[in-house]
1. Going down the table (Lys143/Lys186; Lys54/Lys135; Lys57/Lys104; Lys125/Lys153; Lys57/Lys125; Lys104/Lys125), which pairs top 18 Å between alpha carbons?
2. Pull up all non-local amide H partners of Ser142: gap of 5 or more, or a different chain, and H-to-H distance under 5 Å with H placed in the peptide plane.
3. Can you list residues whose amide H is under 5 Å from Leu121's amide H, if they're 5+ apart or on another chain and H is modeled 1.01 Å from N?
4. Taking +1 at the Cβ of each Lys and Arg and -1 at the Cβ of each Asp and Glu, which of Ala152, Gln197, Gly164 sits farthest along the dipole of the range 54-200 towards its positive end, judged by Cα position relative to the Cα centre?
5. Scan around Met73 for amide H atoms under 5 Å from its own, H built in the peptide plane at 1.01 Å from N, and keep only partners 5 or more places away or cross-chain.
6. Could you derive backbone 3J(HN,Hα) for the range 76-81 from the dihedral phi with the Karplus parameters 6.51, -1.76 and 1.60 (θ = phi - 60°), listing whole Hz in sequence and x where the residue is Gly or Pro?
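The numbers here are math on the coordinates, done by the rules we state, and not lab data. If you're wondering where the values come from, they're calculated on a predicted model, not measured in any experiment. Cβ: placed from backbone, ideal geometry, glycine included. Neighbour counts: every protein chain shown.
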Amino acid sequence: MDRREALKLSLLAGVGLAAGSVQGQQACATDGTPAQFTPKKAADANPLDKELDKYPKCPYCGMDRREHHRTRMLVQYSDDLVDGVCSIHCLGLSLGVNIDREPKAIWGPDYGSAVEPRPLLPVEKLTYLIGADLKHAMTKRSKHSFASLDVAKEFQAKHGGTFGDFNEALKQSYLDMANDVAMIRKLREERRLKMMQKQG
């Protein structure tokens, strides 16, 4: 994986945060932005070991990573702080708000595997199928990753989509973010209204 390219892509989500990074933290020590998004767990030199036990919930949306094991991802920054997220959508958020941290390693799931939970592999070893008619967490336009290109081609034949590498999938996640956030807000508001109706 081209880490520098991933950092460049993360600028798309972090443009508003960059101006208030280190200087902003020093000027407003109690403000907490963007420091409030620093991964909260202790540094972890071996994040893949029991990762679902250590990182059960996505810190950005609260989704259960075991339930969404087919789309979950893991990023380890250069200081060994780790974010375990539910999807490439929330990975994009992590990279954006942790703009002063360089990703040391990023792992994604092999959607084509029959093993549960899906095994995590370095993203540079994965092929992404973008825009297939397959359900995905936190986004309308799916971006599923495959260890085997042959398996990915089988899914493409049935479900459509185009191929790309991790950097392309991440770029597409940033491009989709405005529509995805609007979709997520709408779905969550509908859930809140249903809960209120049940309670009323």
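1. Numbers: Lys143/Lys186 21 Å; Lys54/Lys135 26 Å; Lys57/Lys104 21 Å; Lys125/Lys153 16 Å; Lys57/Lys125 25 Å; Lys104/Lys125 15 Å.
Exceeds cut-off: Lys143/Lys186; Lys54/Lys135; Lys57/Lys104; Lys57/Lys125.
2. Those qualifying (amide H under 5 Å, at least 5 residues apart or on another chain) are Gly131, Ala132, Leu134.
3. Gly108, Asp110
4. Among Ala152, Gln197, Gly164, the one farthest towards the positive end of the dipole of the range 54-200 is Gln197.
5. Hits under the 5 Å cutoff: Val85, Cys86, Ser87.
6. Once rounded to whole Hz, the list reads 10, 8, 4, 8, 6, 6.
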